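Participant: Sharing a structure, written as structure tokens. Questions coming.
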Amino acid sequence: MAKITASVYTSHVPAIGAALDLKKDHEPYWQPLFKGYEKSKQWMKDNKPDVIFLVFNDHATAFDLSMIPTFAIGCADSYTPADEGYGARPVPVVKGHADLACHIAQSVIQQDFDLTIINHMDVDHGLTVPLSLMCGDVTEWPCAVIPFAVNVVQYPVPSGQRCFNLGKAIRKAIESYDGLNADGKPLNVQIWGTGGMSHQLQGARAGLINLDWDKQFIERMVNDPADLATMPHMDYVREAGSEGIELVMWLIARGAMADVAGGAKPSEVHRFHHVPASNTSVGHLILENN
Ligand code: DHB
Ligand code: FE
């Protein structure tokens, strides 16, 4: 059966993608940020999965206000990079894993979570920036990716608790998949939660950053995720700004880790935070299942 080996959490600030694409990553402003991901890129090389189940949010690139699915799973064979604002990033096309994605859709919907099925979608910085941060400048992404889109843009958004419970269902779904990789082995799957940390892009509180709250969020994500999941969405908005609500997506990845289902506690491989990138607080965490 397929195994979830690790979870990765990271912000997806579009300016990070622009800095990489415009080769500004060695500038003093960006150096401390990219330095924080050096260990992650090496870890990714040493722990290459077959598939990344990548929880992200679209920013009005694939879905505009005419259609807003709360949870949507990518069942396509590939996804083309596109973006609002900066334009499409010059990064490789994202290859999907339709067979595993369809299995997850079947299992998770039967576990009473209503997913929207995506058979065609372009992917924006929410998905490509985490891939660049973890994989570097590559001509091909190292593995398949199943995009899982969450609405955290247009209210009402899903609660942290619902995201955490959904993570548990996704874990059951992935670990009941008996398809094999190209070497005839069970699939090695990582689950990534992206977005955040504190940031607000508009209104009277534009530019809000709450580093103490962000650090506390990461700490609770590691050591007490079930309690963190009970936090009401208004707390995210008040403490982490209107776009800080993206952090509920981290709880989907955390809910899929083994300890939540009664297994061993994960090992913390890496923790990093940095302020600022653009007008956002950046947080990053890697947890490995034992
Ligand atoms: C910005 C946009 C985002 O989607 C995000 O998550 C963080 C920052 C920005 O435009 O700066
Ligand atoms: Fe975002």
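Participant: Based on DSSP H runs of at least 4 residues, each adding -39500 (n - 2.57), what is the mean residue ellipticity at 222 nm of the chain after dividing by all its residues, to the nearest 500 deg cm²/dmol? List each step's numbers first, then the result.
Facilitator: Details: 10 runs with 94 residues, N = 290.
It lands at -9500 deg cm²/dmol.
Participant: Ordering H97, H273, H199 by how much accessible area each has at a 1.4 Å probe, largest first, what is the list? Don't skip to the end; give the middle numbers.
Facilitator: Details: H97 45, H273 65, H199 15 Å².
The most accessible residue leads, giving H273, H97, H199.
Participant: For segment 127-132, what does the Karplus curve 6.51 cos²θ - 1.76 cosθ + 1.60, with θ = phi - 60°, yield as ³J(HN,Hα) per residue in whole Hz, taken in order and with x for Gly and Pro?
Facilitator: Karplus-based 3J(HN,Hα) across segment 127-132 equals 9, 7, 5, x, 5, 5 Hz.
Participant: Name the long-range amide H neighbours of A88: under 5 Å, sequence gap of 5 or more, or other chain; modelled H, no Pro or chain starts.
Facilitator: It is D83, by chain and number.
Participant: Then there is this: Residue by residue through segment 265-271, what is 3J(HN,Hα) from phi via Karplus (6.51 cos²θ - 1.76 cosθ + 1.60, θ = phi - 60°)? Round to whole Hz and write x for glycine and proline.
Facilitator: Going residue by residue, I get 5, x, 8, 8, 8, 7, 9 Hz, with x marking Gly and Pro.
Participant: Could you list which residues have their amide H under 5 Å from that of G196, counting only those 5 or more apart in sequence or on another chain, with H placed in the peptide plane?
Facilitator: H12, E246, L247
Participant: Any chance you could check the Cα centroid distance between segment 157-196 and segment 2-16 for me, in angstrom?
Facilitator: 12 Å
Participant: What number comes out for the charge environment of A19, summing +1 per Lys or Arg and -1 per Asp or Glu over other residues with Cβ under 10 Å away?
Facilitator: Working: positive: K23, K24; negative: D21, D25, E27.
Once all neighbours under 10 Å are counted, the net charge is -1.
Participant: Using a 10 angstrom cutoff on alpha carbons, build the Gaussian network for the chain and name the most mobile of P225, P158, P28.
Facilitator: The residue with the greatest mean-square fluctuation here is P28.
Participant: Would you look at the GNM of the chain, springs on alpha carbons closer than 10 Å, and say which of S242, S176, S66 moves the most?
Facilitator: Evaluated over the chain, the most mobile residue of the options is S66.
Participant: Could you work out which residue, out of G193, G87, G36, moves most in a Gaussian network model of the chain, that is, has the largest mean-square fluctuation with Cα springs under 10 Å?
Facilitator: Sorting by GNM fluctuation, first place goes to G87.
Participant: Let me ask another. With all protein chains present, how much of the accessible area of segment 3-288 (probe radius 1.4 Å) comes from carbon and sulfur, to the nearest whole percent? Walk me through the numbers before you get to the answer.
Facilitator: Working: 6040 of 11610 Å².
Of the solvent-accessible surface of segment 3-288, carbon and sulfur hold 52 percent.
Participant: Could you compute the FRET efficiency for M1 and R205, with r as their C-beta to C-beta distance and R0 at 41 Å, rounded to 0.05?
Facilitator: 0.30
Participant: When the Karplus curve 6.51 cos²θ - 1.76 cosθ + 1.60 is applied with θ = phi - 60°, which whole-Hz ³J(HN,Hα) does each residue of segment 211-217 get, with x for Gly and Pro?
Facilitator: Using θ = phi - 60°, the values come out as 5, 4, 5, 4, 4, 5, 4 Hz.
Participant: Suppose all protein chains stay in the model; what accessible area per residue would a 1.4 Å probe give for the chain, in Å²? Show your work: numbers first, answer last.
Facilitator: Values: 11880 Å² over 290 residues.
Result: 41 Å² of accessible area for each residue.
The values are calculated or read from the model by the stated rules, or taken from the named source; none is laboratory data. Fair warning: this is a prediction, and the values are worked out from it, not measured in the lab. In this analysis, Cβ positions are derived from the backbone assuming ideal geometry, glycine residues included, and neighbour counts consider all displayed protein chains. Heads up: the accessible areas ignore ligands, DNA and RNA and are worked out on the full protein's heavy atoms, side chains in. Shrake-Rupley method; radii C 1.70, N 1.55, O 1.52, S 1.80 Å.
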